[in-house]
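The values are calculated or read from the model by the stated rules, or taken from the named source; none is laboratory data. Because the structure is a prediction, the values reported are computed rather than measured. Every residue, glycine as well, gets a Cβ built from its backbone with ideal geometry; the counts of neighbours run over all protein chains shown.
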Amino acid sequence: MLWSGSRARMTMLFIGFGGVVALVWMRLGAPDVALAEAAVGAALTGALILRAQGSVPSPLPERSLPWIIRGLVAGLSVAVFSALAWALISLDWQVRPGLEGAVEARLPESGVTNPVTAVLLNFRGYDTLLEVAVLLIATAAVWCLGRSPETPRLPPGDPLYLALLRPLIPLLCIVAGYLLWLGAFAPGGAFQAGAVLSGALLLLLVAGLPRAPGQMDTLRLRVTIAAGLLVFVVVAAATAMSQSTLLQYPPGLAKHLILVIEAALTLSVAFTFLVLFQGGRPAPPDGRA
Amino acid sequence: MSGAWLPIVVLSISLIAAPLIFATAERRVALRTTINLCAAVLKLGLVAYLTWQVAFEGARYAWRWPMAAGSDLVLQVDPLALLFLSLSAGLWLLTTIYAIGYLEDAPHRSRFFGFFSLCVAATTGIALAGNLYTFLIFYELLTLATYPLVVHRQTPEALRGGRIYLAYTLTGGMLLLVGTVWLGSAAGSLDFVTAGNPALASVDPITLTAIFALLLAGLGVKAALFPAHGWLPQAMVAPAPVSALLHAVAVVKAGAFGIIRVVEEVFGIALTVKLGLALPLAGLAAFTIIYGSLQALRQDDLKRRLAYSTVSQVSYIVLGAALFSPLALIGALMHLVHQGLMKITLFMCAGNIAEAVHLYKVSDLDGIGRRLPWTMTAFTVAALGMIGVPPLAGFVSKWYLAAGGIDDQNAWVVLVLLASSGLNALYLLPILHRAWFKAPTAATAGAASGRLEIKWTLLAPPLVTAALVIGVGLFANAPFSPLSWARLIATGEIPRLPEGLIR
Amino acid sequence: MPPVQGLRMSDAAGALLAGVDWAAVAILTPLVGGAAAFVLPNRARAIGVAASGATAAAAVALVWLIATGGPYDLAVGGWSAPLGIRLAADGLSAALLGMTNLVGASVAVHVALTGRATKNDPEAGVAAWGFWPLWLLLLAGLNALYLSADIFNLYVTLEMVGLSAVGLAALSGKADAFKAAMRYLLVGIIASLVYLLGVTLLYAQYGVLDLATLRQVMIPAPATQLAMVAMLAALAMKSALFPLHGWLPPAHGNATAPVSALLSALVVKASLYIAVRLWLDLFEPTGVGAGAVATVLGILGACAVLWGGLQALIAKRLKLVVAYSTVAQVGYLFMCFPLWAGGREALTAFVYLAVAHAFAKSALFLACEQVQRALGDDQMSSLSRPELPGAVKITFALAAVSLVGLPPSGGFIGKWLLLDSTLLHGPTVWTVAVLCGTLLSAAAMARVLARFFAPEEQAVAQDLVVGDAASWRFSLTPLLLAAAAVGIGLLGAWPAELVNVGETVQ
């Protein structure tokens, strides 16, 4: 796979592989979805960087490889996928042990009633803390690759589009807020809310509005992107100091702390997706290169 | 033990001098010379003090530093260590003086003298090593420190010689490393113990034989044992003081000294004989003695002829160590010192000839004795010593080696020694004949103008060593002579002194 | 496990140290620093140096506590396994943590020192705003990785390390570097997913992610073995084990020097450490990993030693020589796998080789930067030019001594222990491979060093910042790192005792 010359082929391979992994997670039970979310989140950021690569010149050169190597790669892939399929079939999914029992038993202590949120923000909150760092890394890495290219935009001031946006943006914001709030007791949470919010931001960006958020590399933008990580780390440090255990929320405060973290995360996730979509570092406000 | 720090101090003197010299600016000649000479004199004084303590107070000093692998780093002062240490300390001083004169106004002198000091530090470490592990560390350091000296001239030939030198010595070092690691894991101890390390008794003979072969192969490279001698003539591209140091003190002697340590103090000569390894080693040494002499006969280049002579002469030491007789060991230990004195004289004289009249070939040396009388006098003394003319240094050691051969019921050794002496005469006497009895050519004519034939820094060192060549032969039985010291060591290693042959 | 001898300190100071969770400090400090450096690019250098230094101090404190007081163990959030995530560190993690933070802080100081000197030279210097956040987040990822005892959390840390490394590799802005970084990214993503696949298979079978819990329930079922193969293959790919090393030389050879130093010295070790951790704590004791798997890894390692050595010997650019030497050194580390069945020497050998390589290799890459600056390029044939500062030559010589494994360096101790284990537990061909590899690397390094003694060429007129290259700002850190690589060998026996603290993470 390493030697596949064309970028398109590599991307296909990557997507195909990601699909297989996603399928595997699909067969897992409820709290495991949290893990799946985390895993997909991390893998997705990689894909987003690949997406960013498309917007920068000098891709890998097209090169055709000797048929022996191609055959070997093909054979290897077939072998890997068959082994995988066999493993999936051979597993006895009905009696599979899992964390459901443990999550159910400790759910009341977690401060939330949605098991997915409990896993993501409390039981395995440390994973999420590092995932948030992965998001920031992805942003910084994409910004290192170069300036963002011109995002395709509608002609400014298209009346029809603007008329559509006027009700849609507030609605999306409300939906995002609702999803955020919902995360405590039903499917939802910061990542979903952030995704919806970033949709709203994208709509604004494409509209070609001069003051749409996220098109300039300003202090405010950077603070927003880093806010999720900073708030999470502050909570982690505070718990490490006050409870002498990293990320052990004080009794009774868990719910509030989780909400604070998730709120910050929602903003950060939304703006991270926005800048990742742009595929490069936005221009500084004063227009210098 | 009180004074445990003394060995590390001896080592540190040249080890600290090296970076100081490196840091000295190229043009600060006086400062660099001062550092060099102070370090050399200081070290010689300390070695003299240690010799006194060991001889009269029976003192032994050991300094240990734990290491993560193998065993401890041990530096210890014992009679055998002092033999080699005093040789290196004494000749370092003389060679330094010689090198200061030889390299006057040459480029890269700070680099040269820095590595020179490092090289001597490595030799000191080799002498003081209290186990094979420590020995290995300094043995490799010696390889690294001598490479820049060999390639010092930075010519393509020098680089080629250096490459060959590195290829041989690094491979040898690798074999020594494997042998040492293997010995450590098989026997559990790498210590040098008088008359052999008892820990080896529990190891099976085949393993021991393989380890012995690896160690000897590794050490044989530096000792220029056949067939690993190829680097030595190539390393002749180095400046004269380096050749002198390489042949007399540092590299080949490190190999020979290592072989003595391994045969006498790791395996023990009794075990070596029991394993049937002593005779092959003696045979290889004997072959190298004859082979080196025959090769020397064919060389017209003076330094190359002397180089092959070294191949031959160093194997005397190996031969003596491989014979199960205290007399042979005495001969070997003495030759370690005697050969050093004689060979350094010859190389410094060859350097003087090259420096004064720019002649490098034996066939060009007609009548050189009139142009460089003092140099050629020293050369003559050392050459006669090499041949074994009584009462010079070479005679005494060869006599003991021959006696040892008879004592060990290996009378063929006497024949080898006689043949080698004959060959020595064949390749050295023609030089003397040309120098003294042939009419000078255009190149060698012009009589020495002024008071001295060449500057005193180049003349004094070979004269001193030539005087020592006479002295150690004439006063062989004096206290602190190499003979008495070798006798002290040998009676410890092989506690049985045969009656009759030599008192 | 008794505390390591010779590391005694006063009780009061010990209690003071023990009162703080240094592991948390070592993870959170670089996270905050990374975010702050991202937000405030103009203050990034100061933030970066301060955070790297503070993190290194915390890591040293943690290593000290582990050495004197035994393994570290913490259930994050108070949720014990299997529900929560456990942080744990034994001697092996501690040694690598110490290595990462000391080398990392040194490189950070180097970047700060040289970055200031080359303000007007954006081509040569590392773009500060990109470097500092990525480096600090990489450091956080590395520290979290060495402290993790959870196979899923290990995946997340692996992602942190992998992505930040890609960003750093692309920093120089040159087309070659960009191309190499993209290939590196692709390899990284594929390897991550393969690793994740292994995690998934294990989780599907056993329902736990914690290492110690998994160890108790794991059985050598075929699906488990498949998971093991997937995870080890992924980690081998990330560690550039032959024949999956193709991405490494271009990525390390084209990045800016400090980044190459970090990638070669630290990042490669991280995935390798996970492989070792999983093998020693999971696959070997549960019988999932048969000796054959270890043997295959060892054989590939031996091939890497020989192939990397050969490539280093014929490479035309200095940085490629150094990069291929990493391929060979990774080979040595994989050669330890089949030897672990025999005893702990091989683990100590692994740590010595890894740590000595980290110091020596970072020194070499930083010295390469100076070569590049002084000569304008890093072609092997240019090395004999007289403009090369003496400090570079000394740095190269010292680092080469350690890389080749000559005494008394750390590399020598590692090689000694490795040879010792191969002689005791391996076939003879193993010993021969180590020796051949050593000779090859000796030849490669001798080829570089001999250039310093080559017949001198005339100085070529350069409009480059030649005066800069000779400045102490450029030579100080590489020289110290190279000296440390040699000095590690003389530290005495306590590093070996540290490695043996806590035989496994419990």
Exercise. Which residue pairs have Cβ atoms closer than 7 Å, lie 6 or more positions apart in sequence or on different chains, and pair a first residue in region C:341-369 that is in contact (Cβ under 8 Å) with a residue 60 or more places away in the chain with a second residue that is outside any helix (DSSP H, G or I) and not hydrophobic (A, V, I, L, M, F, W, C)?
Worked result: C:ARG344/C:ASN500; C:ALA356/C:SER409; C:CYS368/C:ASP378
Seminar exercise, completed: Matching residues in region B:145-161 (within 7 Å of another protein chain (Cβ to nearest Cβ) and touching a Phe, Trp or Tyr at 6+ places or on another chain (Cβ under 9 Å)) number 4
Exercise. Given the conditions (1) within 21 Å of B:GLY188 (Cα to Cα); (2) more than 17 Å from the chain's Cα centre (by Cα); (3) not β-branched (Val, Ile, Thr), and given that B:GLY276 satisfies all but one, which numbered condition is not satisfied?
Worked result: (1)
Problem set entry | Residue that is surrounded by the most Cβ atoms within 10 Å (Cβ to Cβ), among those in region C:169-180 that are in a helix (DSSP H, G or I) and facing chain A (nearest Cβ under 8 Å) | C:PHE178
For this session: Can you confirm whether region B:37-50 contains a residue that is closer than 30 Å to C:ILE488 by Cα and within 14 Å of another protein chain (Cβ to nearest Cβ)?
Result: no
For this session: Can you confirm whether region A:227-246 contains a residue that is within 11 Å of another protein chain (Cβ to nearest Cβ), among the small types (Gly, Ala, Ser) and farther than 30 Å from C:TYR72 by Cα?
Result: yes
Exercise. Counting only residues that are over 25 Å from the mean Cα position of the chain (by Cα) and either in a helix (DSSP H, G or I) or within 14 Å of B:THR124 (Cα to Cα) (or both), how many does region B:43-62 have?
Worked result: 2
For this session: From C:VAL288, C:VAL305, grab the single residue that is at pLDDT below 90 and either within 22 Å of C:ALA485 (Cα to Cα) or part of a loop (DSSP other than H, G, I, E, B) (or both).
Result: C:VAL288
Exercise. Would it be correct to say that B:ALA248 is in contact with a helix residue (DSSP H, G or I) (Cβ under 7 Å, 6 or more places away or on another chain), within 27 Å of B:LEU423 (Cβ to Cβ) and modelled with pLDDT under 90?
Worked result: yes
For this session: Answer yes or no as to whether A:PRO59 is out of contact with any Pro (no Cβ under 6 Å at 6 or more places or on another chain) and modelled with pLDDT under 65.
Result: yes
For this session: Please give the number of the condition C:TYR273 fails out of (1) of a type in the set (Ser, Thr, Tyr); (2) over 30 Å from C:GLY173 (Cα atoms); (3) modelled with pLDDT under 90.
Result: (3)
Seminar exercise, completed: Filtering region B:174-211 for residues that are more than 8 Å from every other protein chain (Cβ to nearest Cβ) and under 30 Å from B:PRO239 (Cα atoms) leaves a count of 2
For this session: Please work out which one of (1) in contact with a Phe, Trp or Tyr (Cβ under 8 Å, 6 or more places away or on another chain); (2) over 30 Å from B:ALA356 (Cα atoms) is the condition B:TRP399 fails and give its number.
Result: (1)
Problem set entry | In region C:407-427, residue farthest from B:PHE135 (Cα to Cα) [restricted to those that are hydrophobic (A, V, I, L, M, F, W, C) and surrounded by fewer than 24 Cβ atoms within 10 Å (Cβ to Cβ)] | C:LEU424
Exercise. Looking at C:ALA88, is it assigned to a helix (DSSP H, G or I) and more than 10 Å from chain A (Cβ to nearest Cβ)?
Worked result: no
Exercise. Which members of region B:140-150 meet the condition of being among the aliphatic types (A, V, I, L, M) and in contact (Cβ under 8 Å) with a residue 60 or more places away in the chain?
Worked result: B:LEU142, B:LEU149, B:VAL150
Problem set entry | Filtered residue count, region B:71-122, keeping only those that are free of Cβ contacts under 8 Å to residues at least 60 places away in the same chain, touching a Leu at 6+ places or on another chain (Cβ under 6 Å) and more than 30 Å from B:ASP191 (Cβ to Cβ) | 1
Problem set entry | Single condition B:LEU136 does not satisfy, out of (1) under 25 Å from B:VAL266 (Cβ atoms); (2) crowded, with 20+ Cβ neighbours inside 10 Å; (3) more than 10 Å from chain C (Cβ to nearest Cβ) | (3)
Exercise. Picking from C:VAL296, C:VAL267, which residue would you name as being without any contact (Cβ under 8 Å) to a residue 24 or more places away in the chain and on the phi < 0 side of the Ramachandran plot?
Worked result: C:VAL296
For this session: Quick one: which residue in C:LEU320, C:LEU388, C:LEU310, C:LEU353 is outside any helix (DSSP H, G or I) and either of a type in the set (Lys, Arg) or touching a helix residue (DSSP H, G or I) at 6+ places or on another chain (Cβ under 7 Å) (or both)?
Result: C:LEU388
Seminar exercise, completed: Scanning region B:162-171 residue by residue, those within 18 Å of C:SER441 (Cβ to Cβ) and more than 11 Å from chain C (Cβ to nearest Cβ) turn out to be B:TYR168
For this session: Working only within region C:86-138, note down all residues that are modelled with pLDDT under 90, of a type in the set (S, T, N, Q) and surrounded by 24 or more Cβ atoms within 10 Å (Cβ to Cβ).
Result: C:THR114
For this session: Among the candidates B:LEU294, B:LEU306, single out the residue that is aliphatic (A, V, I, L, M), more than 21 Å from B:LEU91 (Cα to Cα), assigned to a helix (DSSP H, G or I) and at pLDDT below 95.
Result: B:LEU294
